[in-house]
Amino acid sequence: MNELQTITLGGGCFWCTEAVYVQVRGVLDVESGYSNGQAARPSYEDVCSGRTGSNEVVKLSFDPAQITLGEILEIFFLIHDPTSLNRQGNDAGTQYRSGIYYSTPAQKQEADDMIRQMSQDKLFGKPIVTEVLPLANYWPAEDYHQDFFEKNPNQGYCMAVAAPKVAKFRKTFARLQKG
């Protein structure tokens, strides 16, 4: 049996990113949190202030026998705009930046290679601004942020922003959907 791996991704609001990855086959745990800022244990209010440098992220535990890191990253690049610096849609600030926070040198290499290839292919028509850094200062988000979309599917933001990302994932990556 392969050992589980973890990768942490910042693709805008963590509610939206989490809503997609909880549906991905081989992803066994998804936790919303904050990372790669100066604060060791930031709160949501701290992060929203923009003073911590922390990013809203999801930390994924996955089974590489069921899904590859490449597939996880393909989903990541589908469900957010990697060319938008410190912004996703109407959400603006450094806490919404595009980021891949790796656990191993092999993950860094795979992310760098994928970004290089997408850039050469001019896949997005603009430069990719996704940062690729080692995971630092990770702290789980408050309980009310965990499984937010699942618990609040009719909340306005979830309907307007998260639901379309989930639909895009289901349409493009049906083969990777659980169940």
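The values are calculated or read from the model by the stated rules, or taken from the named source; none is laboratory data. Every value quoted in this text rests on a predicted model; they were computed, and no experiment measured them. Don't worry about glycine lacking a Cβ; one is built from the backbone with ideal geometry, like all the others, and counts go over all protein chains shown.
So here's what we get for this one:
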quantity: The one condition in (1) surrounded by 16 or more Cβ atoms within 10 Å (Cβ to Cβ); (2) within 17 Å of N36 (Cα to Cα) that F173 fails to fulfil; calculated: (2)
quantity: Test: T17 is among the β-branched types (V, I, T) and farther than 19 Å from K151 by Cα; calculated: no
quantity: Filter pass, A162 being outside any loop (DSSP other than H, G, I, E, B), of a type in the set (G, A, S) and exposed (fewer than 13 other Cβ atoms within 10 Å of the Cβ); calculated: no
quantity: Residue in segment 64-87 that is surrounded by 23 or more Cβ atoms within 10 Å (Cβ to Cβ), modelled with pLDDT of 95 or more and of a type in the set (S, T, N, Q) present; calculated: no
quantity: Index of the failed condition, T8 passing every other in (1) buried (at least 21 other Cβ atoms within 10 Å of the Cβ); (2) in contact with a Leu (Cβ under 8 Å, 6 or more places away or on another chain); (3) outside any strand (DSSP E or B); calculated: (3)
quantity: Selection within segment 96-111 - assigned to a loop (DSSP other than H, G, I, E, B) and under 19 Å from H80 (Cα atoms); calculated: R97
quantity: Leading residue by the ranking (nearest to the chain's Cα centre (by Cα)) among those in segment 95-110 that are farther than 23 Å from V166 by Cβ and crowded, with 20+ Cβ neighbours inside 10 Å; calculated: Y102
quantity: Pair list, Cβ < 9 Å and 6+ apart or interchain, from segment 125-149 residues that are in contact (Cβ under 8 Å) with a residue 24 or more places away in the chain to residues that are of a type in the set (D, E, K, R) and in a strand (DSSP E or B); calculated: L135/K59; Y138/K59; P140/E31; P140/K59; A141/E31; A141/E56; H145/E56; Q146/E31
quantity: Hits in segment 25-54 (condition: buried (at least 19 other Cβ atoms within 10 Å of the Cβ) and under 22 Å from Q155 (Cβ atoms)); calculated: V30, E31, S32, G33, Y34, V47
